[in-house]
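Heads up: the structure comes next, in structure tokens.
Read-outs throughout are calculated quantities, based only on the coordinates presented, and are distinct from any laboratory measurement. What you are looking at is a predicted structure, and each value in this text was computed from that prediction instead of being measured. Positions of Cβ are generated from backbone atoms using ideal geometry, with glycine treated the same way; all protein chains shown enter the neighbour counts.
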Amino acid sequence: MNIYIMVDAEGISGIYDSEQVMSSMARYNEGRELMVQDINACVEACKEAGVDKIYVRDCHGSGSNVIWSKLSSLADYYIIGYTGQDRFPGLDECDGVILLGYHSMAGTPGGILEHTMSSKSVQNYWINGKKAGEIAIDAGIVGDRGKPVIMVSGDDKACVEAKALLPGVVTAEVKKGITWKGGMLLPPQKAYALIKEKTKEAIAKLPGLKPLVYDKPIRLRVELTERSMLPLQYSKPYMKIIDGRTYEVEGSTMEEALFRLG
Ligand SMILES: [Zn+2]
């Protein structure tokens, strides 16, 4: 059995402030260290559970956040940097997906660093008319390729969001959100132990979990925070402008719809 670990930053244990996840900020290196610790705990647990191959992708921002020299050698591949139109390179080799360090959708009350794709430009996303965040988008992308999300780690709000969307998914609640930039956090060693325990539990459950497959074509709608960011519809038959800040695209897969947003 092979496992794909997709790693974001905002739901990593010990992270609660945007200063820890933005490369221009003073505390960014602390955030990078924390990402590595959660990754290593998850990778170790996969190995201990008998996983054959482990693929880990850094998907936060530029995709180049992890500290190379500190990553566990138990993984088989680290997928780093810009990956073009494939959000999950190597996924076809894997049987299940872990979303590590994920966060709740934009606008979630008390969700630590809540946002959807861009906290600066996006107010809301909808998939087929239902409000959606990054857990819903990524679960849909891997679902179209036949892979179930088996575990999600993050704050309590991200875990609730995951459970509502993915029946049977295992969650690792490494913190509780109080505001968008403050929470009640597990101490480091307790968080790593929880990630390990939940990773093993999820791997044991994998055979019974189903991929999330949305009805097709996918309708992906975005409400922007500013009118000036609305794309031009010219020569894009799959795109519909809804109002001065909102547009929608159609795609034959979740991934196609995501990339058609522009
Ligand atoms: Zn992120």
statement: Looking across region 169-192 at residues that are out of contact with any helix residue (DSSP H, G or I) (no Cβ under 8 Å at 6 or more places or on another chain) and among the aliphatic types (A, V, I, L, M), the single one that is farthest from residue 157 (Cα to Cα) is 184
- request: Output the residues belonging to region 166-189 that are among the hydroxyl-bearing types (Ser, Thr, Tyr) and touching a Cys at 6+ places or on another chain (Cβ under 7 Å).
  value: 171
field: Residues satisfying the stated conditions in region 100-115, i.e. closer than 17 Å to residue 58 by Cα and hydroxyl-bearing (Ser, Thr, Tyr)
entry: 102
- request: Of the conditions (1) surrounded by fewer than 22 Cβ atoms within 10 Å (Cβ to Cβ); (2) more than 12 Å from the ligand (Cβ to nearest atom), residue 139 clears all except one; give me its number.
  value: (1)
query: In region 150-250, which strands (runs of 3 or more DSSP E) lie fully inside it and hold 2 or more residues that are touching a residue at least 24 places away in the same chain (Cβ under 8 Å)?
result: 170-179, 182-185, 218-224
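Select from region 92-103 the residues that are over 24 Å from residue 32 (Cβ atoms) and not in a loop (DSSP other than H, G, I, E, B) and list them in ascending order. Can you show your working first?
Step one: list which residues in region 92-103 are over 24 Å from residue 32 (Cβ atoms), which gives 92-96.
Answer for region 92-103, where residues must be over 24 Å from residue 32 (Cβ atoms) and not in a loop (DSSP other than H, G, I, E, B): 92, 93, 96.
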Of all residues in region 14-44 being of a type outside the set (A, V, I, L, M), touching a residue at least 40 places away in the same chain (Cβ under 8 Å) and closer than 20 Å to residue 117 by Cα, the one that is surrounded by the most Cβ atoms within 10 Å (Cβ to Cβ): 16
- line: Considering region 45-56, residues that are surrounded by fewer than 21 Cβ atoms within 10 Å (Cβ to Cβ) and touching a residue at least 40 places away in the same chain (Cβ under 8 Å), and then whichever is farthest from the ligand (Cβ to nearest atom), we arrive at 50
query: Of the residues in region 57-70, how many are without any contact (Cβ under 8 Å) to a residue 24 or more places away in the chain and either within 16 Å of the ligand (Cβ to nearest atom) or aliphatic (A, V, I, L, M) (or both)?
result: 2
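So that you can scan it fast, the table gives a plain yes or no per residue for (1) away from the ligand (no atom under 12 Å from the Cβ); (2) of a type in the set (S, T, N, Q):
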| residue | (1), (2) |
| --- | --- |
| 8 | no, no |
| 15 | no, no |
| 23 | no, yes |
| 27 | yes, no |
| 34 | yes, no |
| 43 | yes, no |
| 72 | yes, yes |
| 81 | yes, no |
- prompt: Being assigned to a loop (DSSP other than H, G, I, E, B), among the β-branched types (Val, Ile, Thr) and closer than 25 Å to residue 55 by Cα, is that true of even one residue in region 104-112?
  reply: no
- prompt: Quick one: is residue 90 small (Gly, Ala, Ser), in contact (Cβ under 8 Å) with a residue 24 or more places away in the chain and within 18 Å of residue 147 (Cβ to Cβ)?
  reply: yes
